[in-house]
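Asker: Quick one: this structure, given as structure tokens, is what I'll be asking you about.
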Amino acid sequence: MVKRRSVLMSVALSAVATVLFASAASAEPVDNAGQKDQLTYKVVPYVITDPHLVKNPQLILDELAKRGDLSGLGISPADGGPSKIHGRAAVAEPRSYVVDSSRFPRGSLPSDRYDYAEFSECTASGSEAYNDEGWIKNRYSYCQNHVIVMPAYVCGLFPPSCRQVGTYMSVNTMIGYGKQEGWDFQGLPEWRFADFYLDVNVLQATGPFADPRATMEAEIECDGDYPGQPPSGVDPDNACVPGGRDVTERPISEWRVNRGADFDIGSEGVAPAADKGEQIAVGEFYFDYDFDLPGAWVQLFDPESPAGGMRFDSAWYNQQSTKGSVFDRATPGFSFTKSDPDVAGAAVHIEEARANPAATVPTKPDKVLHGATPSDPLHRLPRAKSEGHRVRADHNRDVSTNFCDTVAMPPKPPTGGPYDCDEYALASTYEGAAQFYHDEQPQNELNYSVRWVNSEQNQEAGRRIGRWYENDRILDREAFFIPIRP
């Protein structure tokens, strides 16, 4: 298999893309002065993720018919991964997803702990899956849409000219499913894994692609790494590898009627334990497409889908599940809703404190409260990880409650009780009230807010976020944010 970057092939693609384009009215190659051996037969791949074009693929076909390539749309042939689209704007805010706290009433585990995206959600016109990065619906659910375009050219050397004699086009949707379990059904209970589904919607297959012998092979690939040292006995090459369902090859005619195929990837681990660490492995997955056309056709390299990211872990302190895989290229968000009577007091406290930190108690003119956006997150402090983590979380709580016992704390409201001393940032974060002490940062002293909040609402908010930490595998020091909804 040709890997993701090849300078030689990129040069060759550019040469094919810039030759003179002649009439495509005839599918028969021109015999230049009878010199058939001087004809070449080439296919040039494009992998397109531009939302407007993926939703309107006829625009791509129209451009090919007009120019013979896609330069008029600002698209270059693919040279490993998606085609380059000139002039694309950068994303200003980090990608994120948000789960509302109502998904975990009284800290309970939802009946559907994954909440996977349906195919219809991934392909809806308003879906965020129409881009290079894809759509991360939540920690366990990923999908991405792209177009594969393969114009076929017959080229002559004397004079140098090419003409298009066929086209392959499909809209492909890849859907990923993270897991909270080991790879038991493969006989690898300590491995972590994820499943994938690929839908190939063939829109056009003409010229050599219409030959009954023409096939397309889809293969899932994953380039992985253990950021730290892998546990003893673990092969470093097994950070992210295809599983038993790694390749599907069919005639193009069969892909038309049987569009779907299943795939999987896995990551080696050992039994979760504190002395083994979290066993974090990261992987970049993508699909490699290989076309086999009868005759002398030359495919310069295998086009590849956009790449997505995955993290595997064996966090022994996650009591819900000690092994799992998540899509980690989006900052997790956990929202509280002010109109939800079960957590309203906590939601209002967070919103008002962040809107005007200087008006909170304890008073501090230049107070900073983090956690409102993906670019200004909080970081989880899991008390179950170690004695040191427990001590710091308890110290966060002690600092805030001790202030509530001072005369500087406003009195409790006369109605609406009983009340708790509610703190923000949360005691379960590194930004909690004792941050100044543990990080030896005196400038962060008093960078917290306390308020009297109805006891049941405060404790319900704590139960919900505690369950979310576990369900969404928010690990030690992992960033997250807390948006507040009306």
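The values are calculated or read from the model by the stated rules, or taken from the named source; none is laboratory data. Only a predicted model underlies this, so the values are computations on that prediction, with no experimental measurement involved. Glycine also receives a Cβ, built like all others from the backbone with ideal geometry; neighbour counts cover every protein chain displayed.
Asker: Search region 30-66 for residues being more than 23 Å from Asp288 (Cα to Cα) and assigned to a strand (DSSP E or B), and hand back the single one that is modelled with the highest pLDDT.
Answerer: Thr40
Asker: Hey, could you check region 148-198 for residues that are under 30 Å from Ala129 (Cα atoms) and among the β-branched types (Val, Ile, Thr) and say which is surrounded by the fewest Cβ atoms within 10 Å (Cβ to Cβ)?
Answerer: Ranking the qualifying residues of region 148-198, first place goes to Val171.
Asker: Report yes if Ala214 is of a type in the set (A, V, I, L, M), surrounded by fewer than 21 Cβ atoms within 10 Å (Cβ to Cβ) and farther than 20 Å from Asp246 by Cα, otherwise no.
Answerer: no
Asker: Which residue, of Tyr289, Tyr317, is surrounded by 21 or more Cβ atoms within 10 Å (Cβ to Cβ), of a type in the set (Phe, Trp, Tyr) and at pLDDT 95 or above?
Answerer: From the options Tyr289, Tyr317, the qualifying one is Tyr289.
Asker: Let me ask another. Residue by residue through region 279-317, note down the ones that are outside any strand (DSSP E or B), of a type outside the set (Ser, Thr, Tyr) and either touching a Phe, Trp or Tyr at 6+ places or on another chain (Cβ under 8 Å) or within 16 Å of Met174 (Cα to Cα) (or both).
Answerer: Of everything in region 279-317, those that are outside any strand (DSSP E or B), of a type outside the set (Ser, Thr, Tyr) and either touching a Phe, Trp or Tyr at 6+ places or on another chain (Cβ under 8 Å) or within 16 Å of Met174 (Cα to Cα) (or both) turn out to be Gln279, Ile280, Leu293, Gly295, Ala296, Asp302, Pro303, Pro306, Ala307.
Asker: Failed condition for Ser125, given (1) in a loop (DSSP other than H, G, I, E, B); (2) of a type in the set (Ser, Thr, Tyr); (3) crowded, with 21+ Cβ neighbours inside 10 Å, with all others met?
Answerer: That leaves (3) as the condition not met.
Asker: Name the one entry in Thr373, Thr363 that is at pLDDT 95 or above, more than 20 Å from Ile465 (Cβ to Cβ) and surrounded by fewer than 19 Cβ atoms within 10 Å (Cβ to Cβ).
Answerer: Answer to the check: Thr363.
Asker: Pull up region 38-67, narrow it to residues that are hydroxyl-bearing (Ser, Thr, Tyr) and more than 32 Å from the chain's Cα centre (by Cα), then point me to the one that is farthest from Asp132 (Cα to Cα).
Answerer: If we take residues in region 38-67 being hydroxyl-bearing (Ser, Thr, Tyr) and more than 32 Å from the chain's Cα centre (by Cα), then Thr40 is farthest from Asp132 (Cα to Cα).
Asker: Hey, any hits in region 383-404 for a residue that's modelled with pLDDT of 95 or more, touching a Pro at 6+ places or on another chain (Cβ under 8 Å) and not in a helix (DSSP H, G or I)?
Answerer: No, region 383-404 contains no residue that is modelled with pLDDT of 95 or more, touching a Pro at 6+ places or on another chain (Cβ under 8 Å) and not in a helix (DSSP H, G or I).
Asker: Is it fair to say Arg139 is outside the structural domain of Pro377 (by TED's automatic domain parsing), surrounded by fewer than 16 Cβ atoms within 10 Å (Cβ to Cβ) and either at pLDDT below 95 or in contact with an Asp or Glu (Cβ under 6 Å, 6 or more places away or on another chain) (or both)?
Answerer: Here the answer is no, as Arg139 does not meet what is asked.
Asker: Go through (1) over 22 Å from Val348 (Cβ atoms); (2) under 32 Å from the mean Cα position of the chain (by Cα) and name the single condition Asp398 misses.
Answerer: (2)
Asker: Here's a follow-up. If Asn458 passes every condition in (1) surrounded by fewer than 14 Cβ atoms within 10 Å (Cβ to Cβ); (2) in contact (Cβ under 8 Å) with a residue 60 or more places away in the chain but one, which one does it miss?
Answerer: It fails just one condition, (1).
Asker: Condition first: charged (D, E, K, R) and under 22 Å from Asn318 (Cα atoms). Now tell me which residues in region 362-418 satisfy that.
Answerer: Arg380, Arg383, Lys385, Glu387, Arg390, Arg392, Asp394, Arg397
Asker: While we're here: Can you tell me how many residues in region 351-405 are small (Gly, Ala, Ser) and in contact with a helix residue (DSSP H, G or I) (Cβ under 7 Å, 6 or more places away or on another chain)?
Answerer: Within region 351-405, residues that are small (Gly, Ala, Ser) and in contact with a helix residue (DSSP H, G or I) (Cβ under 7 Å, 6 or more places away or on another chain) number 1.
Asker: Exactly one of (1) assigned to a loop (DSSP other than H, G, I, E, B); (2) surrounded by fewer than 18 Cβ atoms within 10 Å (Cβ to Cβ); (3) free of Cβ contacts under 8 Å to residues at least 60 places away in the same chain is unmet by Val368. Its number?
Answerer: For Val368, the failing item is (3).
Asker: Next question, about the same structure. (1) modelled with pLDDT of 95 or more; (2) touching a helix residue (DSSP H, G or I) at 6+ places or on another chain (Cβ under 6 Å): which one isn't true of Asp69, the others all being true?
Answerer: (1)
This table checks each residue for (1) at pLDDT below 95; (2) over 34 Å from the mean Cα position of the chain (by Cα); (3) within 17 Å of Arg392 (Cβ to Cβ).
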{"residue": "Asp420", "(1), (2), (3)": "no, yes, no"}
{"residue": "Thr429", "(1), (2), (3)": "no, no, yes"}
{"residue": "Val450", "(1), (2), (3)": "no, yes, no"}
{"residue": "Val453", "(1), (2), (3)": "no, yes, no"}
{"residue": "Gln457", "(1), (2), (3)": "no, no, no"}
{"residue": "Arg473", "(1), (2), (3)": "no, no, no"}
{"residue": "Phe480", "(1), (2), (3)": "no, no, no"}
{"residue": "Arg485", "(1), (2), (3)": "no, no, no"}
